[in-house]
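Nothing in this text is a laboratory measurement; each read-out follows from the coordinates by a stated rule. None of the values given here were measured: they were computed from a predicted structure. Using ideal geometry, Cβ is built from the backbone for each residue, glycine included, and neighbour counts are taken over all protein chains shown.
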Amino acid sequence: MTRILIIEDETTIAQLERDYFELNGFTVDLCHTGDEGLRLALNGEYGLLIIDLQLPGIDGFELCRQIRQAKEVPILIVSAKKEELDKIRAFNLGADDYITKPFSPSELVARAKAHLTRYERLLGKQGQQQKDEIHIRGLVMDKASRRVYVRNQEVIFTTREFNLLEFLASHPNRVFSKNELFERIWGMDSSGDIATVTVHIRKVREKIEIDPSNPQYIETVWGAGYRFTV
C-alpha cells in the first residue's frame, strides 16, 4: 500500500484529496505548513508527494527544491497559481506534474497513479541495470552484452578472459586458488593444464591494469592464488 503526503493549507481541499486517495487504496498523511511538510517529507517514507505552492512558512517552490535534492519521489503540484512562469519554475525545481485549482479529484488520483507506475518502472530498470553491470574503479563490465570498458575505452576479451574477470570481480577480496579457478571457468571435466589459469590472468591484467607488473585489480596471493581487490 503506497503512502502519500499531502501538504496543503486549505483544510477542505486537503480532506477532499485525502478522501479520494484513501478510496483508491492509499494511506495518506496530511500537513498544513511548509515547515512541517519538509520535516515529514525528508524523514518519512512516502511514495508520492502532493504540494500546494502558497503555504505558511516555507513555500511550495522551496519545498519542492529541497525535497528533490534529497529524494527521488514523484512530486505533484496542486495550486491556484495558473501563470505559465509558475509552472515552468515548479518543473525546473523538480516537480513531475502541475495541476491547477479547481481540479478534478479523480484526475488527480489518475495522474498520481501514472507517475507512480512510471517511477516504479524506472527504478526497476535501474535496479536491473545495476545487477547486469559491474563498476569498479574505472572498470565497467556489462554482463548482458559481455563488453568491458577500461577507463572509458572498450577492450576486447575472449570468452575465457571475460568469464575469468567476471567471476573474480563478482567475488571481490576473496582468494581463489588456481585449481578453483580452473574448475569454475574451464569446468571439472576440461582437458588442459592448470597453467592456463596463469596465462589467462596475465592476459587479463595486460588489458585492465595500468602497470600489469604492479596490478591494482587482480593481485597474486603467494602460495594461495588470486584475489580481485576493491
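Two numbers describe the Cα atoms of the stretch 140-230: Rg and Dmax, which are 12.6, 37 Å. Computed per residue of the chain from DSSP H runs no shorter than four, each worth -39500 (n - 2.57), the mean residue ellipticity at 222 nm is -14000 deg cm²/dmol.
Straight-distance candidates among the lysines for linking to residue 143, with alpha-carbon spacing under 21 Å and chain neighbours fewer than 8 residues away dropped: 125, 131, 203, 207. Computed from Cα atoms, the angle from the helix 60-70 axis to the main principal axis of the chain rounds to 20 degrees. Against the chain, whose longest principal axis is taken from its Cα atoms, helix 159-170 shows a tilt of about 60°.
Report, in degrees rounded to the nearest 10, the 0 to 90 angle that the Cα long axis of helix 34-43 makes with the longest principal axis of the chain. Helix 34-43 sits roughly 30 degrees off the main axis of the chain. Under a Gaussian network description of the chain, with springs only between Cα atoms under 10 Å, the residue in 15, 66, 153 that fluctuates furthest is 153. Could you grab the relative contact order for the chain? Cα pairs under 8 Å, six or more apart, rounded to a whole percent. Value for the chain: 12 percent. Just one of [x] 12.5; [y] 16.0; [z] 17.6 is mean projected area of the Cα convex hull in nm² calculated from these coordinates, so which is it? Structure-derived value, by its label: [z]. Couplings 3J(HN,Hα) for the stretch 103-111, derived from phi with the Karplus relation 6.51 cos²θ - 1.76 cosθ + 1.60 (θ = phi - 60°), are 9, 8, x, 5, 5, 4, 5, 5, 5 Hz, where x marks Gly and Pro. Dipole magnitude for the stretch 84-230: about 220 debye, using +1 per Lys or Arg Cβ and -1 per Asp or Glu Cβ, origin at the Cα centre. Using the Cβ-Cβ distance between residue 11 and residue 104 with R0 set to 22 Å, the FRET efficiency works out to roughly 0.65. Over what distance in Å are the Cα centres of the stretch 133-198 and the stretch 1-61 separated? Cα centroid of the stretch 133-198 versus Cα centroid of the stretch 1-61: 50 Å apart.
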